[in-house]
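These notes are about the structure you will find just below.
The values are calculated or read from the model by the stated rules, or taken from the named source; none is laboratory data. Values in this document were obtained by computation on a predicted structure and should not be read as measured data. Cβ placement follows ideal geometry from the backbone for every residue including glycine, while neighbour counts extend to all protein chains displayed. Heavy atoms of the whole protein, side chains included, go into the accessibility calculation; ligands, DNA and RNA do not. Shrake-Rupley method; radii C 1.70, N 1.55, O 1.52, S 1.80 Å.
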Amino acid sequence: MEKLSMAATMFCAVVLAALAAAAGGEGAVVEHTSIVHEMNQTHLCNTTKIYVVNGQLPGPTIDITDGDTVVVHVVNRLPHGLTIHWHGVRQMRSCWSDGAGFVTECPIPPGGEHVYRFNVTGQVGTLWWHAHVTCLRATVAGAFIIRPKGGRYPFPTPAKDVPIIIGEWWELDLVELDRRMHDGNFDDNPLSATINGKLGDLSNCSGKPEESFVLDVVRGDTYLLRIVNTALFSEYYFKVAGHTFTVVGADGYYLTPYKTNMVTVAPGEAIDVLMAADAPPAHYHMVALANQPPEPDPQIPGFMSRGLVRYAGSSHNNNGLPVPTPLMPSQHNTMPSYYFHSNLTGLAHPDRHRVPMHVDERLFFTLGLGSICRGTNKTCERGRSPQTIVVATMNNVSFRHPTNASLLERYYDGRTSGLYTEDLPTIRRTRTTTPTAPSSRRGRWRRRWSRRSRRPSYGGSGTTPRWRSCSSARRCCRATPTPCTSMATTSWFSPRGSATTIPRRTRRSSITTTRG
Ligand SMILES: [Cu+2]
C-alpha cells in the first residue's frame with residue numbers, strides 16, 4: 001500500500017506559469033509522472049496480475065485546456081517494453097510523441113524512462129491514452145480531457161463532468177493473451193465488462209456481488225458524461241434507466257446536439273453526453289452491454305456491467321423499492337449502433353472542420369483479411385487451417401511491426417532499405433482482383449508478411465500546411481526520438497518465462513504546484 005500511495009503522490013499534474021511558446025502553444029504546461037507497474041487485483045474469487053499506472057484502474061485522468069502543452073514522464077517498471085499512445089491527439093509537429101511502438105518510437109525498455117511532450121490545440125472534449133503494446137491497453141489506459149479555452153462550452157456549462165471508462169476484466173495475464181493472439185489464437189474472452197474498473201453487482205462469486213460504480217447526482221443538475229470504450233474488442237451499448245442523453249461531442253470534437261436514450265461506443269471511441277438529473281430522487285441502474293454480430297460470426301459470451309445513479313436525498317436502500325434497470329437491446333442487434341453513429345454530425349465552427357475542396361490525389365483503400373503461413377514456410381494449407389495465421393490487410397498487403405527499429409526514425413535517417421518500401425498500392429483494382437470479390441476468394445487468402453507504405457506529397461489535397469514556416473514534413477516534426485540503436489535485441493516482450501528484475505528507482509519530483 002505504501003508503495004502505491006507513494007506512487008499516487010508522485011503522480012503530479014502541475015501547471016507551470018511559463019508560456020509554452022517553445023512547444024508551439026500559448027497555454028500552460030501540464031506535467032505528469034506515470035509509473036507503469038504490475039499489481040495484483042482480486043475479482044470473482046481469483047487474484048490476477050494486472051498492469052497499471054500509479055496503482056490506479058482505470059489510470060489517472062489527464063485534464064488540460066485547449067492550447068496547453070502536455071509533458072508526461074513515463075517510468076516503465078514492467079518486465080516488458082512499453083509505449084503510451086495519446087489516442088486522437090493530432091500531434092502537430094510532435095510526431096515523435098505519438099507513442100506507436102516501432103512506428104514512431106522504439107518501446108521504452110524495462111526499467112527505462114521516456115518523456116512525451118506535445119501541444120494540444122484546436123481539439124476539445126474527450127480523448128484517452130493507452131499502452132500501445134497490443135493487450136496491455138486493457139488496463140494501462142485513462143481519460144484525456146481537453147476543456148475549452150475560458151470554459152466556453154457551446155452548451156450550458158455542466159455542474160460536473162464524469163469519465164465513464166468502459167472496459168473488460170481479463171482473468172488472464174494480458175501479455176500471455178497477446179502472445180496467443182500473435183500466434184493466431186483468438187479464443188480467449190474477458191470475464192466481465194467493467195464501468196470505471198468495477199465489474200458491477202451482476203457478477204458474483206459464491207453469492208458475494210462485485211462492487212458497482214456509483215454516480216452521485218443532485219436533482220436539477222446536468223452532468224457531462226465522458227464515455228470512453230477501452231475494451232480490447234467489443235462495442236458497447238450504454239444506458240441509464242429513467243434518463244436520456246444529449247450527445248455533444250465525440251473523439252475530441254463537438255457535435256451537433258443529438259438526443260437519445262442509448263449511447264453506442266466502439267472500442268477506442270470517446271462520446272460526450274449531457275445527462276440531466278431530472279428524475280424523481282431515487283436510485284437508477286446504468287448498464288454497459290457488449291454487442292456482437294450474430295452467427296456465423298465467432299460468438300463471445302454476453303458481457304455486461306451494472307452501475308448505479310444515486311440521487312442526493314434518496315434513501316440508502318431506495319425505500320425498499322426495486323431499482324429500475326434500463327431495457328437493453330439484444331446483444332445481437334447491431335442496428336442501434338448503425339443508427340447512433342449515422343446521426344452524429346460535426347458542429348459547425350468557423351475555425352474548424354474546414355473540408356478541402358480541391359483534391360490532388362485520390363487513394364482507394366480496401367480493408368480485408370488474409371492468411372499467412374506459420375513460421376518460415378512459403379506454402380501451406382490455406383483457408384481456416386491450423387497451418388496459417390489470419391491477418392488484416394490493406395489493398396491485399398499485410399503489415400508486421402519491425403522488431404529493432406522505428407519506421408519514423410529510419411525515415412528521418414534515410415535508412416529505410418530492408419525496413420519498408422513505398423509502393424503500397426492505392427488504386428481501385430479491377431473486378432477480378434478486388435479482394436472482396438467472390439471470384440478472387442482463393443487469392444484473397446494468400447498473403448505474405450510485408451511492410452509497404454505510401455507517402456503523400458506534403459501539404460497535398462489543396463490544404464494549406466498549418467505550419468507555414470515548414471518547407472517539408474521532416475522539418476515540421478521536431479526530432480526527439482527514443483533512440484533505437486541501443487535496442488537491437490529488445491522486442492515487445494521479454495522471452496517467455498524469463499521475467500527480468502526491474503531496478504526500483506528513486507525519483508525526486510521537481511514539480512512546484514500540484515493539481516489533482
Ligand atoms: Cu488508440
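Remarks
- Qualifying positions in the stretch 176-201 - modelled with pLDDT of 85 or more and within 17 Å of the chain's Cα centre (by Cα): Ala193, Thr194, Ile195, Asn196, Gly197
- Restricting Ala277, Ala270, Ala282 to those that are over 29 Å from Gly313 (Cβ atoms), of a type in the set (Gly, Ala, Ser) and in contact with a strand residue (DSSP E or B) (Cβ under 8 Å, 6 or more places away or on another chain) reduces the list to Ala270.
- From the options Gly99, Gly111, Gly125, residue that is in contact (Cβ under 8 Å) with a residue 12 or more places away in the chain, at positive phi and within 15 Å of the ligand (Cβ to nearest atom): Gly99
- Qualifying residue in the stretch 177-187 (condition: within 16 Å of the ligand (Cβ to nearest atom), more than 21 Å from Val263 (Cα to Cα) and of a type in the set (S, T, N, Q)): no
- Residue check for Gly150: more than 16 Å from the ligand (Cβ to nearest atom) and among the small types (Gly, Ala, Ser): yes
- Taking every residue in the stretch 206-224 that is under 15 Å from Thr42 (Cα atoms) and pairing it with any residue that is loosely packed, with under 13 Cβ neighbours inside 10 Å and not basic (Lys, Arg), at least 6 positions away or on another chain, the pairs with Cβ-Cβ distances below 8 Å are Ser206/Cys45.
- Of all the numbered requirements in (1) more than 18 Å from Phe245 (Cβ to Cβ); (2) touching a helix residue (DSSP H, G or I) at 6+ places or on another chain (Cβ under 7 Å); (3) not polar (S, T, N, Q), Asp297 misses one, and that requirement is (2).
- Condition broken by Gly142, with the remaining ones in (1) open to solvent by less than 10 Å² (accessible area, probe 1.4 Å); (2) within 13 Å of the ligand (Cβ to nearest atom); (3) at pLDDT 90 or above; (4) in contact with a helix residue (DSSP H, G or I) (Cβ under 9 Å, 6 or more places away or on another chain) satisfied: (4)
- Single match in Thr264, Thr256, Thr246 (criterion: at pLDDT below 95 and either part of a strand (DSSP E or B) or among the aliphatic types (A, V, I, L, M) (or both)): Thr256
- Any hit, the stretch 293-306, residues being of a type in the set (D, E, K, R) and more than 22 Å from Leu202 (Cβ to Cβ): yes
- Only a single criterion out of (1) within 16 Å of His37 (Cβ to Cβ); (2) within 16 Å of the ligand (Cβ to nearest atom) is not satisfied by His85, namely (1).
- In the condition set (1) surrounded by fewer than 18 Cβ atoms within 10 Å (Cβ to Cβ); (2) within 16 Å of the ligand (Cβ to nearest atom), Ala131 is compliant with all but (1).
- Which listed residue is loosely packed, with under 12 Cβ neighbours inside 10 Å and either closer than 24 Å to Ser234 by Cβ or touching a residue at least 24 places away in the same chain (Cβ under 8 Å) (or both), from Met286, Met357: Met357
- Residue within the stretch 313-330 that is in a strand (DSSP E or B) and not basic (Lys, Arg) present: no
- Among residues that are open to solvent by 50 Å² or more (accessible area, probe 1.4 Å) and of a type in the set (S, T, N, Q), Asn396 is not included.
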